[in-house]
Structures are given as C-alpha cells and as structure tokens.
Amino acid sequence: MGHKEPVGSPVAECLARIIRRHDLSRTLLVDILDIRSEGLEHYNYSDESVLERRAEADVKITRLALNIIGVNNSPAIAAGRHVGLAWGILGLARSFPFRRQVGRHPFPQTWCEDLGIQSSAESMSITDSEWSALTKRLAARVMDHLSAARVFAKQVPAAAAPALLPATLADAYLHRLRRNGHDLFEADMLSVGTRTLLKLLWRARIGRY
C-alpha cells in the first residue's frame, strides 16, 4: 500500500489505478486490511465492542464509497458509519452457517453468558432455540444501527444513496430472519429477491436508503 507501483499482481495493479483515479485514502484501505486480518487471527468475540470492531471494515468501505461519489458532509458520514456497522454485523451473521463448521460463531461471549450458554471454539453444544435467541439479539443491534443511520436521512444528499443502499439490503435480510423465527439455517441469507432488487433501484432513483 506504499507509493511504489505494484508489479506482477493484476489485483494490486487494478487497485492502484482505482486509488489514483479517485484519490482514495490509503489510511482507510490499510485500516480495512488490518481489521480483516484481525478477524482471521482472532475469531472469538469477548463482548459487543469486539463484534463492532470486526464490523468497522464495512464502515471504512462505506466511507470510501462516499469519497468516490464525492459526498463528504457530516450527516452522510454519520449515516454511513451506522450503515457500515449494521451491514458488517449482519455479514458476520450471514457467514455463521459456514463458520459453525469450524467451531466459530459471531456472537459475543457476554451475550452467551447472559443466556447461560457455555460456548467456545472447542464446545458449541448450543440448542436451536439458543442460537435463535442470540440471532434475535444480533438482529436488534443491526436494527439499532439502521434506525440511527436514518435519523440523518433528511440531511443526507440524494447523491449519497448508492453508498448507503446496504441499509435496504439489511432490511430484507432482517425481514427473512423475523419470518423464520431468527433461524440462520432456515432463512435465506445469501440471495437477493426480485422485490428487494426493485426496492434498491427505486431508492437509488429517489435518493433514499
């Protein structure tokens, strides 16, 4: 991520061109890589602050998207932070069916303790109802961030909408979770339905998220 031109890596070369074209912040890009790296090395979440730290990468990505669009006013940045946290936390939940296969889950240890659940990388004898209770709490945290992001809706320029549209996707996935009793194994958390696509197109057109 230095100033030298990358050689021999098509991905790095493409990224370097994008950085120059849009004058992107190298600090934000390094932060994203650092947070993703932390998530690979330290995958247990002691409390909610660690969970949100893992979601910070999506906050940085949202900020980069706003930079590319050219929207940098305070309400848009504040809304983008909450949208990024909501999308990042939800992303951890969406990956849970795969993480579980290797003894990992996205739920803070303090949440497990609140429910009297014993959970670790070595022992995950958690019932379906307990998984659902943890997922419901995570979904509530996502909703809190979406609500906080929309407090700024009237102050956010319409041009910022493309960077904030993950909020609309998050709405759709939360609806699926509610409909399926917050069962991450039953709710389809990967595909995007036609109705959601149409809503994305409409909100992009009217500048809402």
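Given the -39500 (n - 2.57) contribution per DSSP H run of 4+ residues, what per-residue ellipticity at 222 nm results for the chain, rounded to the nearest 500 deg cm²/dmol?
-21000 deg cm²/dmol
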Taking the chain as the reference, fit the longest principal axis to its C-alpha atoms, fit the long axis of helix 194-206 to the helix C-alpha atoms, and give the angle between the two in degrees, 0 to 90, nearest 10.
-> 40
Fewest Cβ neighbours within 10 Å first, please rank 62, 168 accordingly.
-> 168, 62
Quick one: what are the phi-derived ³J(HN,Hα) couplings along segment 174-184, Karplus 6.51/-1.76/1.60 with θ = phi - 60°, whole Hz, x for glycine and proline?
-> 5, 4, 5, 5, 4, 5, 9, x, 6, 9, 5
Relative contact order (%) - criterion: Cα under 8 Å, at least six apart; region: the chain | 21
Using only Cα atoms, what is the ratio of the radius of gyration of segment 96-209 to 2.2 N^0.38 Å?
-> 1.25
Hz values of 3J(HN,Hα) by residue in segment 10-23 - Karplus curve (6.51, -1.76, 1.60), Gly and Pro given as x = x, 5, 5, 5, 5, 4, 4, 5, 5, 4, 5, 4, 9, 6
Going out from 0 in 5 Å bins, what whole percent of all Cα-Cα distances in the chain drops into each bin?
-> 1, 7, 14, 17, 17, 16, 13, 9, 5, 2, 0
Compute the acute angle (0 to 90°) between the alpha-carbon long axis of helix 128-150 and the principal axis of greatest extent of the alpha-carbon atoms of the chain; round to the nearest 10°.
-> 30
Order of 31, 58 under a 10 Å beta carbon neighbour criterion, fewest first | 31, 58
Can you give the angle from 0 to 90° between the axis of helix 74-94 and the longest principal axis of the chain, with both taken from C-alpha atoms, to the nearest 10?
-> 40
When a footprinting reagent is the concern and you count Cβ atoms within 10 Å, what order do 35, 206, 89 take, fewest first?
-> 206, 35, 89
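Arranged from highest to lowest average of other beta-carbon atoms within 10 Å per residue, in what order do the peptides 101-110, 74-83 appear? Intermediate values should be presented prior to the final figure.
Values: 101-110: 17.0, 74-83: 20.9.
Descending mean neighbour count gives 74-83, 101-110.
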Ordered by residue, what ³J(HN,Hα) values in Hz, to whole numbers, does segment 47-61 give under the Karplus form 6.51 cos²θ - 1.76 cosθ + 1.60, where θ = phi - 60° and Gly and Pro are x?
-> 8, 5, 5, 6, 4, 6, 4, 5, 7, 4, 4, 6, 5, 5, 5
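Here, each number is a calculation from the coordinates, and none is a lab measurement. This structure is a prediction, so every number in the text was calculated from the model and none was measured. Every residue, glycine among them, receives a Cβ derived from its backbone with ideal geometry; neighbour counts consider all protein chains shown.
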